[in-house]
Amino acid sequence: MRIAVLVSGSGTNLQALLDAESQGRLLPGVIACVVSSKAGVGALARATLAGKPALTLSHRDFASRELFEEALLAALSEYQVEAVVLAGFMRVLTPYFLARFPDRIINIHPALLPAFPGVDAQRQALHYGVKITGCTVHFVSPEVDGGAIIVQAAVPVEPDDDVATLTQRILQREHRLLPLAVRWLASGRLLRQGRHVRVLP
Ligand code: GRF
């Protein structure tokens with residue numbers, strides 16, 4: 001299954017996917033291309049180093065969200081993409097885009113959804129005072145961070161944590177969780193029934 005990874009930042013989750021692919025842990029998933037919504041980010045350098053097509057598509061270069069998504073769809077079709085992984089992609093995709101890849105778009109979020117959706121999830125968790133947070137891989141639906149949950153991992157919040165230390169601890173779990181979920185997706189093992197996702201044997 002040919003996969004596009006959409007990014008906007010440093011791309012440590014992308015790196016985890018690239019490493020998994022090079023070790024045969026993503027099969028039958030293949031990373032076909034990487035698309036960034038921001039120029040010059042670390043994720044683009046990681047993609048290039050791994051020999052992957054690395055494109056920048058900034059929404060600022062398009063007059064509307066629809067035109068941005070048309071350009072994105074055109075790029076994905078050029079690389080014969082069949083599934084999309086959002087790995088720190090900071091744009092909200094419209095229902096029109098989502099409908100082009102039904103049950104084939106997944107996202108990773110740095111909290112145990114439905115707690116702390118949206119931006120700054122680690123800061124939200126620290127502010128709330130939870131003792132456990134984590135990360136969630138979920139199908140993408142029109143509601144931001146609201147799609148059916150595929151897999152989650154819990155991470156403790158330590159008394160002296162700040163956003164940086166907590167972010168790092170969560171990222172370590174993200175890097176194990178995302179390649180696993182992508183492999184399940186690529187091998188057709190994810191069965192979604194409404195909000196419930198079953199991982200087939
Ligand atoms: C991760 O924390 C991910 O959960 C969130 O954005 C961050 C991306 O980090 N959606 P990176 O670019 O993969 O390092």
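Derivation of every value follows stated rules applied to the coordinates shown; laboratory data play no part. Since the model is a prediction, treat every value here as computed from it, not as a measurement. All Cβ positions, glycine included, derive from the backbone under ideal geometry; neighbour counts span all protein chains shown.
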Picking from Arg123, Arg91, the residue that is part of a helix (DSSP H, G or I) and under 21 Å from Thr167 (Cα atoms) would be Arg123
Every listed condition ((1) out of contact with any helix residue (DSSP H, G or I) (no Cβ under 6 Å at 6 or more places or on another chain); (2) free of Cβ contacts under 8 Å to residues at least 60 places away in the same chain; (3) under 23 Å from Arg189 (Cβ atoms); (4) not hydroxyl-bearing (Ser, Thr, Tyr)) holds for Cys33 save (3)
Would you point out the residue of the range 1-30, among those that are part of a loop (DSSP other than H, G, I, E, B), in contact (Cβ under 8 Å) with a residue 12 or more places away in the chain and small (Gly, Ala, Ser), that is farthest from the ligand (Cβ to nearest atom)? Gly29
Can you tell me which condition Gly147 does not meet? The list is (1) within 14 Å of the ligand (Cβ to nearest atom); (2) small (Gly, Ala, Ser); (3) over 18 Å from the mean Cα position of the chain (by Cα), and all the others hold. (3)
Scanning the range 150-201 for residues that are assigned to a strand (DSSP E or B) and within 14 Å of the chain's Cα centre (by Cα), which turns out surrounded by the fewest Cβ atoms within 10 Å (Cβ to Cβ)? Gln152
Could you give every pair whose Cβ atoms fall below 7 Å, whose first residue belongs to the range 65-86 and is within 16 Å of the ligand (Cβ to nearest atom), and whose second residue is of a type in the set (Phe, Trp, Tyr), counting only separations of at least 6 or pairs across chains? Val84/Phe101
Taking Arg183, is it within 24 Å of Leu27 (Cβ to Cβ) and away from the ligand (no atom under 11 Å from the Cβ)? yes
Matching option when the condition is in a loop (DSSP other than H, G, I, E, B) and within 12 Å of the ligand (Cβ to nearest atom), among Pro142, Pro117: Pro117
